[in-house]
1. Give me a count of the residues in segment 76-96 that are touching a helix residue (DSSP H, G or I) at 6+ places or on another chain (Cβ under 8 Å) and either closer than 18 Å to Pro122 by Cα or without any contact (Cβ under 8 Å) to a residue 24 or more places away in the chain (or both).
2. So Thr131 fits all but one of (1) surrounded by fewer than 20 Cβ atoms within 10 Å (Cβ to Cβ); (2) more than 14 Å from the chain's Cα centre (by Cα); (3) part of a helix (DSSP H, G or I); (4) not charged (D, E, K, R); what number is the exception?
3. For segment 102-121, give me the residue count where each residue is open to solvent by 40 Å² or more (accessible area, probe 1.4 Å) and under 17 Å from the mean Cα position of the chain (by Cα).
4. Taking the options Leu225, Leu206, Leu201, Leu238, name whichever one is over 30 Å from Ala288 (Cα atoms), assigned to a helix (DSSP H, G or I), of a type outside the set (Asp, Glu) and open to solvent by less than 30 Å² (accessible area, probe 1.4 Å).
5. Of the numbered conditions (1) of a type outside the set (Asp, Glu); (2) surrounded by fewer than 17 Cβ atoms within 10 Å (Cβ to Cβ); (3) within 24 Å of Val130 (Cβ to Cβ), Leu167 satisfies every one except a single condition; which is it?
6. What pairs can you find where one residue is in segment 147-176 and in contact (Cβ under 8 Å) with a residue 24 or more places away in the chain and assigned to a loop (DSSP other than H, G, I, E, B), the other is of a type in the set (Lys, Arg) and within 16 Å of the ligand (Cβ to nearest atom), and their Cβ atoms are less than 9 Å apart, with a gap of 6+ or different chains?
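The values are calculated or read from the model by the stated rules, or taken from the named source; none is laboratory data. It should be emphasised that the depicted structure is a prediction, and the values quoted were computed from it without experimental measurement. Every residue, glycine among them, receives a Cβ derived from its backbone with ideal geometry; neighbour counts consider all protein chains shown. Accessible surface areas use protein heavy atoms only, side chains included; no ligands, DNA or RNA. Shrake-Rupley method; radii C 1.70, N 1.55, O 1.52, S 1.80 Å.
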Amino acid sequence: MSDWTLLASGQTYPPGTLYVVATPIGNVADLSLRALHVLGLADAIACEDTRNTGQLLTRVGLQRPLVAVHEHNEREAAVRIVERLRAGERIAYVSDAGTPGISDPGARLVEAVRAAGLGVVPLPGPSAAVTALSVAGDMLEAGEGRFTFVGFLPGKPKARADEIARLAVLDHAWVLYEAPHRIADTLAALAAALPGTRRLLIGRELTKLFEETPVLTVAEAPAWLASEAARGKGEFVLVVEGVRRAEAGDEDAPDAEAVRVLKLLLAELPAKRAAKLAAAITGAKTDALYQLALAQRAE
Ligand code: SAM
């Protein structure tokens with residue numbers, strides 16, 4: 001037994017269990033030692049696309065029976081997998097890339113296995129969102145570590161613009177996935193909807209040969225994409241920073257949460273009292289909240 005196998009086997013892998021295994025988002029060496037161990041132990045590997053997963057297994061020197069479980073057959077396939085688990089098999093589930101269930105199928109299978117009273121064990125590993133966030137630096141820190149995971153924006157321009165408008169007021173970073181054929185439209189939509197100084201991190205081709213992770217303003221991003229023809233190809237994850245106080249033109253301007261609390265209190269209390277309480281609850285400046293409360297009352 002090699003050293004890594006010993007490390008990975010320092011835990012039990014009971015039969016009759018579904019193992020949900022994250023796989024690389026580009027670089028095959030990101031498959032964890034434990035994932036390799038469990039894929040090797042599995043009686044079968046359920047996967048989104050048997051050709052894709054077959055290639056991954058070949059590259060790491062494994063051969064296991066594959067079962068297709070995709071968006072269109074997830075319910076029926078889940079029934080068959082539950083039967084096999086009941087018979088005592090170990091089944092692994094992998095999506096095409098990254099962590100199953102994150103903008104990927106897997107949720108229905110997990111639900112079916114849980115509903116049958118059988119075990120589900122997650123094996124952590126790569127995810128494009130978390131990989132990009134790990135180098136987002138102060139964009140993440142400004143929101144005290146909070147972020148909103150959005151995944152793919154709606155495809156239709158109106159629905160996409162509405163969603164961007166909803167996200168634009170968040171006081172913390174948000175994370176988008178985008179396909180190569182829509183990245184130019186999405187960067188243009190962000191530039192049109194957000195203040196030009198708002199920053200975003202573009203994670204392009206993460207973990208691959210032509211990986212890039214520039215931090216740009218939304219105004220700069222469309223030109224960055226257009227400046228090299230090959231840029232539009234590849235896979236993208238975007239981390240967009242939340243509203244900065246400075247962006248509102250006033251360091252003391254209350255953030256979105258303080259405004260929300262103030263509005264709730266204003267429905268019940270006089271402006272001065274509402275501003276004082278909202279300041280105590282959220283830490284925003286009383287004066288700024290009082291001015292805002294007067295403006296709200298005047299509307
Ligand atoms: N489950 C995956 C995960 O955990 O990241 C996401 C699957 S989703 C169907 C595919 C999207 O993830 C791509 O369109 C892209 O937005 C993002 N993505 C996947 N791999 C990437 C990579 N290497 N670099 C940048 N984005 C990537």
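1. 10
2. In the conditions (1) surrounded by fewer than 20 Cβ atoms within 10 Å (Cβ to Cβ); (2) more than 14 Å from the chain's Cα centre (by Cα); (3) part of a helix (DSSP H, G or I); (4) not charged (D, E, K, R), Thr131 misses (2) alone.
3. Adding up the residues that qualify gives 4.
4. None of the others qualify; the one that does is Leu225.
5. (2)
6. Taking only residues 6 or more apart or on different chains, the pairs are Leu153/Arg160; Leu153/Arg182; Gly155/Arg182.
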